Amino acid sequence: MKKILFFLVFISINSIFSFAYAISGDHTQISLLTVMPRPNGVYTIYGHTAIRVQNTSEKIDEVFNYGTFDFDSPNFMYRFVKGETDYYISADAFRFFKYHYASTHATVIEQVLNIPSKEREEIFNFLIINMKPQNREYRYNYFFDNCTTRPRDIIEKYCGGKLVYTEDEKSITLRDLVHECTAPYPWMTFGIDLVIGNGADSTINKRSELFLPVKLMETLNEAYVADDNLQQRPVVLSSKTIIGPESLPPSKSWSDPMKLGIILVIHCLVFAVAGYFLKRKFRFFYALMFLNVAIGGCIVAFVALISSHPCTWPNWNLLWIHPLHFIPVAGYFFKKTYRLIRWYHWSNFVLLSGILSGWHFIPQELNVACIPFIICLWISSGYKLLIDKKLDK
């Protein structure tokens with residue numbers, strides 16, 4: 001099967017290269033294709049962007065896509081988490097593109113770009129050069145270099161003048177934009193907020209918003225090109241829906257992080273009160289809780305300290321979710337570390353008290369669903385100190 005696919009791709013690429021530098025811009029149309037967000041998978045909720053090139057005289061109708069990646073590449077997940085994922089440009093006939101997205105219940109909007117003939121020809125030649133094996137790959141960056149920013153840069157370079165965006169009056173951050181996409185998925189919002197640091201909370205300009213497909217589509221509808229003669233023209237000639245629209249309800253989980261956090265707080269309080277009167281430590285329950293937070297802390301620390309992802313350092317979440325929570329896990333079972341564990345719980349109790357009392361002064365927008373989990377750790381450390389004191393009497 002792989003050999004067949006490789007052969008088809010090889011034939012497709014060769015057919016594209018055969019037209020390089022030979023087409024006329026007069027018969028060429030350049031369009032931006034925006035695949036609207038949909039709940040099929042984690043990466044589909046943000047949407048997608050591609051470039052369509054049509055030439056009636058040469059019977060060319062190809063879609064160029066900068067969002068291609070290979071799940072089967074060595075250590076894909078590790079490299080993705082570390083921020084070292086390589087994406088590449090691919091090309092396919094429009095009929096195959098349309099069939100694929102129609103079969104996945106996507107909505108696709110096409111914007112025909114108002115670009116001069118010479119620049120349309122240059123865009124096609126630029127894409128062909130990018131398709132060469134030595135040029136295909138690029139280091140993917142979610143915020144600053146992805147399948148949407150690449151078409152944005154091409155349009156800016158070959159629009160036949162200066163592309164001018166209309167700035168919004170209201171300020172917005174990268175985190176705000178991510179939240180717009182993940183709003184129906186609270187667990188995803190929670191997870192992203194854990195690994196993104198305060199670099200995502202700075203106000204950005206309109207151009208920086210255009211890493212999201214829908215933002216680029218909406219912004220180009222209002223953008224214009226200023227040429228050397230100070231003439232202004234809209235960059236979008238026409239717009240239409242070519243696939244869909246489909247309306248799929250977002251998938252919902254049985255719970256969300258806030259509900260789970262509240263349930264855990266209630267359990268912590270019940271075990272603490274019962275343990276105080278029964279003089280029991282409930283080691284397994286509290287050790288398991290610290291263990292889960294410590295494992296989560298390893299992921300957050302790895303992304304913040306080791307990965308090359310943008311806007312992950314500094315990350316104030318590391319004050320409460322971090323690998324050092326492995327220390328109290330061991331302390332519940334090894335009495336020789338008693339002094340170290342007692343010191344750790346005192347430090348953790350004071351630190352978490354400061355976080356909870358100064359929540360609004362933290363220079364990072366922490367997810368509010370973190371509060372019940374922080375309270376659980378706060379109760380656990382406080383109870384450990386209290387029950388140890390009671391049992392020592």
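The values are calculated or read from the model by the stated rules, or taken from the named source; none is laboratory data. Remember, it's a predicted structure, so these values are computed and weren't measured experimentally. All Cβ positions, glycine included, derive from the backbone under ideal geometry; neighbour counts span all protein chains shown.
A few comments on the model shown:
- All helices (runs of 4 or more DSSP H) inside the stretch 314-393 with 3 or more residues being at pLDDT below 95 and exposed (fewer than 15 other Cβ atoms within 10 Å of the Cβ): 338-357, 370-392
- Restricting the stretch 157-178 to residues that are basic (K, R) and outside any helix (DSSP H, G or I), the residue that is farthest from the chain's Cα centre (by Cα) is K162.
- Output for the stretch 133-156, where each listed residue is part of a helix (DSSP H, G or I) and in contact (Cβ under 8 Å) with a residue 12 or more places away in the chain: T149, R150, P151, R152, I154, I155
Let's see how each residue does on (1) farther than 28 Å from C370 by Cβ; (2) in contact with a Leu (Cβ under 9 Å, 6 or more places away or on another chain):
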| residue | (1), (2) |
| --- | --- |
| L174 | no, no |
| A183 | no, no |
| P186 | no, no |
| N198 | no, no |
| I204 | no, yes |
| M217 | yes, yes |
| A223 | yes, yes |
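- Residue in the stretch 290-299 that is in contact with a Pro (Cβ under 7 Å, 6 or more places away or on another chain), within 26 Å of V368 (Cα to Cα) and part of a loop (DSSP other than H, G, I, E, B) present: no
- Lone qualifier among F94, F126, F143 - being surrounded by fewer than 21 Cβ atoms within 10 Å (Cβ to Cβ), of a type in the set (A, V, I, L, M, F, W, C) and modelled with pLDDT under 95: F143
- Scanning the stretch 250-302 for residues that are within 20 Å of P186 (Cβ to Cβ) and among the aliphatic types (A, V, I, L, M) returns M258, L260, I262, I263, L264, V265, I266, V293, I299, V300.
- Within the stretch 19-42, being of a type in the set (S, T, N, Q) and either assigned to a loop (DSSP other than H, G, I, E, B) or modelled with pLDDT under 90 (or both) holds for S24, N40.
- Scan of the stretch 181-226 for residues that are within 26 Å of F361 (Cα to Cα) and free of Cβ contacts under 8 Å to residues at least 24 places away in the same chain, ordered by number: A183, G191, I192
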